[in-house]
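See below for the structure under consideration.
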Amino acid sequence: MRILSIDTSCDETSVAVTDGTVILSNVIWSQASLHAKFGGVYPTLAKREHEKRIDWVIGRALSAAHCTLSSDIQAIAVTTGPGLAIALEVGINKAKEISERYNIPLIAVNHIEGHVLSPLARPKVITKDKLPLARSKNLKPGQQIIPKSQLSLPSFPAIGIVTSGGHTQLIRIEDIGKYKILASTVDDALGEALDKAARMLGLGYPGGPILEKLALVGDPDKYKLPTPLAGQEKRMVFSYSGLKTALYRKIEEIKLSKKELSKKDIEDLAAGFQKTAFSHFTRVLDWMIVNKKLENTKDILAGGGVMANKELRKNLRNLAKRRSLNIHFPYTKKLYGDNAGMIGIAGYFKAGKNEFEKDLSFVDRSPNAKIGQPFHFE
Ligand code: KG4
Ligand code: ZN
């Protein structure tokens, strides 16, 4: 089944074409550089940019997948929440317009469900003619290479992890489409905390990738920051606002003794903040695994913008290995941050259950939608 999917939940205008769980195209037009001067996403600017770009992004996604709306697309999937209300609206209106004009059924998708199912996305199978000569030498004509990521499929129930700019959640996936949030943040999301820390250190936006780079050369133990809720993991919540305050105090302390932060100080603080923030996350997750709060699960599906961070993935891989669990990440970096490919994947499973929208007038933005809850009438 070929699906055209749209996500305009935040500052990326994204459209994808998927075939089952295979990504045929996944075009992302990022507005991040436009919002950088505000140090965060400016909603009215986001809406305007989505409106300006959406038709162009749809055209690119269709042509990259060699598809047309009139003959190849069987469903439209669109993010209806959570996200910025006026940004979501742009994608929803466009999806409805296409659905009506081409008589293609519409599927409303929860953005967090998209993130959590993003590890199920598969690349197009590579055939001999698509490979460089050196790698294709040992292949017979027509023989296909199945990427390693296609070989391991999770079983359910499974554990879902979403760490992004707006969410930090641990989810029990009873089965695809059946979710229960087991733990979430009581204040800032992990990505939000990284972005705020970067701002305090005078760095750009989004801060997560900038901190990651600096942390590679910094000493994480030079300026020790307290791990949030250490020893209180049994509360099964995440909290990042205290860590943010601790970083602020540390910066003030250094400034008192030497007026300005040196490049080295910034690198060390970035490394320290990142290490502590990730350690809090893995400590809560580990506690829940050890204390059987995630019973009968053998697989972890992890997605969201912050998962693009190598250090975090390494920590989670180690934890999974230690606890004899399999962990699955998206096969490509493009599927971590906001993208429509993951919405197409979630949409595909909803289509399989015939969850098409019967009446388009009921399809509306749902800025605070939660995974696992019906999200039409909040
Ligand atoms: O999933 P996403 O694109 O948008 C939301 O749904 O929120 O996540 C954006 C967040 C931002 O906070 C950004 O700083 C963070 O993901 N992020 C990273 C990295 N790349 C993006 N955080 C840490 N390391 C990265 N490499
Ligand atoms: Zn997101």
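The values are calculated or read from the model by the stated rules, or taken from the named source; none is laboratory data. All figures in this text were calculated on a predicted structure; none of them were measured in a lab. Because the Cβ atoms are built from the backbone with ideal geometry, glycine has one as well, and the counts that use them run over all protein chains shown. Accessible surface areas use protein heavy atoms only, side chains included; no ligands, DNA or RNA. Shrake-Rupley method; radii C 1.70, N 1.55, O 1.52, S 1.80 Å.
In segment 193-269, taking the dipole from charged Cβ atoms about the Cα centre, the farthest positive-side position among Val217, Leu201, Thr245 is held by Thr245. Segment 329-378 and segment 57-93 have their alpha-carbon centroids 12 Å apart.
Calculated mean residue ellipticity, 222 nm, the chain: -12500 deg cm²/dmol, from DSSP H runs (n ≥ 4) at -39500 (n - 2.57) each, averaged per residue and rounded to 500.
Neighbours of Gly272, meaning other residues whose beta-carbon lies under 14 angstrom from its beta-carbon, give a summed charge of -1 when Lys and Arg score +1 and Asp and Glu score -1. Rounded to the nearest 20 debye, the dipole magnitude of the chain is 1400 debye, with +1 charges on Lys and Arg beta carbons, -1 on Asp and Glu beta carbons, and the Cα centre as origin. Compare Gln31, Gln169, Gln232 in a GNM of the chain, Cα atoms joined below 10 Å, and give the one with the largest fluctuation. Of Gln31, Gln169, Gln232, the Gaussian network model singles out Gln232 as fluctuating most.
Considering only Ile3, Asn315, Ala351, and ranking their Cα positions along the charge dipole of the chain that arises from unit charges at the beta-carbon of Lys, Arg, Asp and Glu, the one farthest toward the positive end is Asn315. Positive contributions from Lys and Arg (+1) and negative ones from Asp and Glu (-1), summed over other residues with Cβ under 15 Å from the Cβ of Gly337, come out at -3. Ligands, DNA and RNA are left out, and with a 1.4 angstrom probe the accessible area of segment 245-294 is 51 Å² per residue. At q = 0.07 Å⁻¹, what log₁₀ I(q)/I(0) does a Debye calculation on the Cα points of the chain give, no solvent, two decimals? For the chain at q = 0.07 Å⁻¹, log10 I(q)/I(0) is -0.33. The packing ranking, built from the mean of other Cβ atoms within 10 Å per residue, places the peptides 19-27, 111-119 in the order 111-119, 19-27, highest first.
Applying the Kirkwood pairwise sum to the alpha-carbon positions of segment 294-342 produces a hydrodynamic radius of 11.5 angstrom. For Gly160, the residues whose amide H sits under 5 Å from its own are Ile171, Arg172, Ile173, Leu301, ignoring neighbours fewer than 5 places away on the same chain, with H placed 1.01 Å from N. To the nearest 0.05, how large is the calculated FRET efficiency for Asn354 and Asn296 if R₀ is 22 Å and r is the Cβ-Cβ distance? In this case the efficiency is close to 0.20.
Within the full protein context, the accessible area of Met200 is estimated at about 60 Å² for a probe radius of 1.4 Å.
DSSP beta bridges fully contained in segment 151-198 are about 100 percent antiparallel. Applying a threshold of 18 Å to the alpha-carbon distances of Lys234/Lys292; Lys96/Lys334; Lys52/Lys333; Lys244/Lys333; Lys96/Lys180; Lys180/Lys370 flags Lys96/Lys334; Lys52/Lys333; Lys244/Lys333; Lys96/Lys180 as lying beyond it. Centre-to-centre, using Cα atoms only, segment 215-264 and segment 29-53 are separated by 30 Å.
Close amide H partners of Leu24, meaning residues 5 or more places away or on another chain with modelled amide H under 5 Å apart, are Val17, Thr18, Asp19.
Loop-resident trypsin sites (Lys or Arg not before Pro) (DSSP state other than H, G, I, E or B) in segment 191-269 with no more than 14 further Cβ atoms inside 10 Å of their Cβ: Lys222, Lys224, Lys259. Residues with beta-carbon under 12 Å from that of Asp187, excluding Asp187: net charge, scoring Lys, Arg +1 and Asp, Glu -1? Here the charged neighbours net out to 0.
Both radii were evaluated on the Cα set of segment 1-94; the Rg over Rh quotient, with Rh as the Kirkwood radius, amounts to 1.00.
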